[in-house]
1. If you scan region 548-587, which residues turn out to be small (Gly, Ala, Ser), under 24 Å from Ala608 (Cα atoms) and in contact with a Gly (Cβ under 8 Å, 6 or more places away or on another chain)?
2. Does region 33-59 hold any residues that are open to solvent by 20 Å² or more (accessible area, probe 1.4 Å) and not charged (D, E, K, R), and which are they?
3. Need the failing condition index for Ala447 against (1) closer than 16 Å to Val491 by Cα; (2) modelled with pLDDT of 90 or more; (3) not β-branched (Val, Ile, Thr), just the number.
4. For region 321-342, how many residues are open to solvent by less than 70 Å² (accessible area, probe 1.4 Å) and more than 14 Å from Leu278 (Cβ to Cβ)?
5. In region 366-391, what residues are assigned to a loop (DSSP other than H, G, I, E, B) and open to solvent by less than 30 Å² (accessible area, probe 1.4 Å)?
6. Look at region 258-312 and say how many of its residues are in contact (Cβ under 8 Å) with a residue 60 or more places away in the chain and either surrounded by 20 or more Cβ atoms within 10 Å (Cβ to Cβ) or out of contact with any Leu (no Cβ under 7 Å at 6 or more places or on another chain) (or both).
7. Which pairs turn up if I take residues in region 545-561 that are open to solvent by 40 Å² or more (accessible area, probe 1.4 Å) and look for partners that are at pLDDT below 90 and not in a strand (DSSP E or B) with beta carbon separation below 6 Å, at least 6 apart in sequence or on another chain?
8. From the set of residues in region 49-73 that are assigned to a strand (DSSP E or B) and more than 26 Å from Met96 (Cα to Cα), which is modelled with the lowest pLDDT?
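The values are calculated or read from the model by the stated rules, or taken from the named source; none is laboratory data. Here the structure is a predicted model, which is why all the values come from computation and not from measurement. Methodologically, a virtual Cβ is constructed for each residue, glycine included, from the backbone with ideal geometry; neighbour enumeration extends over all protein chains shown. We work out accessible area using only protein heavy atoms, side chains counted, and drop any ligands, DNA or RNA first. Shrake-Rupley method; radii C 1.70, N 1.55, O 1.52, S 1.80 Å.
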Amino acid sequence: MSLSRRTRITLAASSVVLAVPVIAAAVLASYDWNRARPWLNEKISAAIDRPFEIRGAVSLTWQQQGNNGQDRTWRDYLPLPHLLASDVHVGNPRGMQAPAEMASVGQFAFVIEPLPLLRQRIQIPVLRFDHPKLLLQRDADGHNNWTFKREDKRSAWSLDVQRVVFSKGAIRYIDAMTQVDASAQVDTINDARYGVAWQLHGKWNQQDVSGSGKAGAVLSLQEQTTPYPLAANLEVGGTRISVEGTLTKPAALAALDMRLKLSGPSMARLYGLTGVLLPETPPFVTEGHLSGNLGANASHWVYDQFTGKVGQSDIGGKLDFKTGAPRPLLSGAVQSRLLQVSDLGPLIGADSNASKEARGADTVQPGNKVLPVETFRTERWTAIDADVNYKAAQITRDKNLPIHQLETQIHLKDGVLSLKPLNFDIAGGRFNSTVMLDGSGKINPQAIRAELKAGAQHLQLKQLFPGIEGMQATVGEVNADVSLSATGNSVAGLLGSSNGELKGVINQGSVSKLLLEEMGLNLGSVVLTRLAGDKQVKLNCMVTDFAVTHGVMKSRLFVVDTSEAKIDIGGTVNLDNEKLDLTLKPDAKSVRVISLRAPIYVRGTFKAPEVSVDKGTLALRAGGALALAVVAPVAAIVPLVSTGPGETAGCQALMAQVAAKPVAPAPGK
């Protein structure tokens, strides 16, 4: 039976349709592709907007793509032309001040889909490198050689690379903005998760950097949901960084999802690596979950569920970092269950010289100075804004005086740092304060302007001094107020130029009888007290009022009033040169036997205070006793008997006197 004419035409047309791609494939396979190198070089150069050249041999075979992953599609079953090129070179974009080449490859293979070529689109499903050498560079103006983008006009040709397969090679990264010059040697490994491993060495901010890591052998640039595995261990100038996770959108260098572990001598050292301003701290270690997105104009990083230790203190919480104008913003919440006071020393330079050396501080505390002289590094304060809440359940200097429930809000904006409020519970009472440090340099480029306002309410004496024997019997409490302003570039400089006042009141407490007797030089009473045993004497009140001018604290009123004695204290405390000049005048309220009562001087420095007795008064009293001894030995003890001054102003009057004192004016006001 013969076929109809229509059927014959249909079969003939179908044969032609099937024969054309077969013939085309045969022609393409037999074609000398070395003759196509100029065309390929020209079109790829136009697509990537930089020089591209295949200098070695080019050949073509038809193969399946060979993708065995879960994202395998019907296209993976079609044979596609595989081009194998040797000695390939990629240059840098125009205007880039860098070595002539961005990359060179001993041999690489890529697959081309034919149909997109009709739309002037070079579509490469798989790009394989063998012995590549890659240079990534960014100059001081922010221009880089890894952004494939034309600045003047778009090319008629476009390049679409979907997957990249790595092999053994070398990568160098030079960044003038972050001062990085590091090289990595890459090699393939037999690992179920990772395909390549690398070793790194170089410089970062003039510090040695070294490390190693692993990465996936196949980088998917099209499948945005395919995670690309990464793992690395780095050390930069004593700071150790360990990461392990994935990069989900490698084409945009975004969607990082990693486990991050950091450790080092001080958190301040991280500034050179991250650009994030953190305080000086003791050695630290922290681990948590890091996620981030690197946008075209801004980046967003979240360090969540992190825990760690800073010195002997624990930390944990969440930090959020966003780049953008006018400056990056760090926000979040950090908590500590236990904070050691000694771990706060590096914040203000109050740690030891050994600790300073360990965290890289240049300043060495002079041996004759108590107040920290290490200068504040305010040049970094304008690099970032911050809004971080910090809470500590317990702070301790020693086990006898714990501080509870510290809370502060840390604000940093345009170089002005404030702690508003800075509050905590101590000794059964509450300490409330606000602190402002202006490091913007707008008022004084070389110094910080500081303001402190603080108040202590209802601090219990028996909790404030739990180590003093017998103090548990007292019910006295402390109330105080502090208001200071200053300008300086260190803690010592700030206190040495401070102006303001300090006021405090203790009422209804108790004090050691032996201590009072010794301060009054009541020798007989001291002997009797030691024989009979010490006891607590009622403390009616202690009232203090210091005016502070140019760093000199001058006593306007300083009285200790008990049921058995009254002590008046006058003089100055110089915060600038750290010198003391105080005079204690004790007076007994009852009869004291063999009393050599005389003014007591407290002088010297904070580092080496000196306590002495007024020798003139002491000699007069002792001389009178010797003269009487010649006439009547029994009467010789009369000059040495103290009967007390009688009634003094009550504590209520003293406290009213303190309240009536005006605040010491600042200079020029």
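1. The answer is Gly551, Ser555.
2. Of everything in region 33-59, those that are open to solvent by 20 Å² or more (accessible area, probe 1.4 Å) and not charged (D, E, K, R) turn out to be Trp33, Asn34, Pro38, Trp39, Asn41, Ser45, Ala46, Ala47, Pro51, Phe52, Ala57, Ser59.
3. Checking Ala447 against (1) closer than 16 Å to Val491 by Cα; (2) modelled with pLDDT of 90 or more; (3) not β-branched (Val, Ile, Thr), the one that fails is (2).
4. Qualifying residue count, region 321-342: 9.
5. If the condition is that a residue be assigned to a loop (DSSP other than H, G, I, E, B) and open to solvent by less than 30 Å² (accessible area, probe 1.4 Å), then Leu371, Pro372, Glu374, Ile384 are the ones that fit.
6. So the first thing to find is which residues in region 258-312 are in contact (Cβ under 8 Å) with a residue 60 or more places away in the chain, and the list is 265-266, 268-269, 271-273, 275-277, 279-283.
Still in the running and either surrounded by 20 or more Cβ atoms within 10 Å (Cβ to Cβ) or out of contact with any Leu (no Cβ under 7 Å at 6 or more places or on another chain) (or both): 265-266, 268-269, 272-273, 275, 277, 280-283.
Looking only at that region, the number is 12.
7. Taking only residues 6 or more apart or on different chains, the pairs are Thr549/Ala664; Arg556/Lys661.
8. Ranking the candidates gives Gln63 first.
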